[in-house]
Amino acid sequence: MKTFRSHIRAAMLALAAAGLFASQAIAMPVVEPPVEQPVVLAASDCYAIGQQVAAQNGGTLAKASQSTRGGQPVCVIVVLVPGKEGQRPRRSEIVVPLN
């Protein structure tokens, strides 16, 4: 009885190993085609524009989002400008055309 169990155990291990090797053989590496032009997201452009606007106004960027106004794509930038003499920061919303 003990040898029968050891044969069953060995057979199960062999089947599991064969399944593992078969799954690795099927899962071949995928070759990605070369990308000629990278994808540029507008949100990241608005974020970069927002960083520049915040630096120009001496504040910190709170929000940068893309919107359409008058049929033109624009970036809506929200900058928090520090208040004077320890007061709360002012919220300034600036609309910049998306280039």
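How large is ³J(HN,Hα) for each residue in the range 69-77, as worked out from phi by the Karplus curve 6.51 cos²θ - 1.76 cosθ + 1.60 (θ = phi - 60°), to whole Hz, x for Gly and Pro?
Karplus values, whole Hz, x for Gly and Pro: 10, x, x, 10, x, 9, 10, 9, 10.
Take each of the peptides 77-86, 64-73, average the number of other beta-carbon atoms within 10 Å over its residues, and list them starting from the highest.
Numbers: 77-86: 13.5, 64-73: 11.8.
In descending order of packing, they fall as 77-86, 64-73.
Scan around residue 62 for amide H atoms under 5 Å from its own, H built in the peptide plane at 1.01 Å from N, and keep only partners 5 or more places away or cross-chain.
78, 79, 80
Each reported figure results from applying straightforward, stated rules to the coordinates on display, with no laboratory input. This structure is a prediction, so every number in the text was calculated from the model and none was measured. Glycine also receives a Cβ, built like all others from the backbone with ideal geometry; neighbour counts cover every protein chain displayed.
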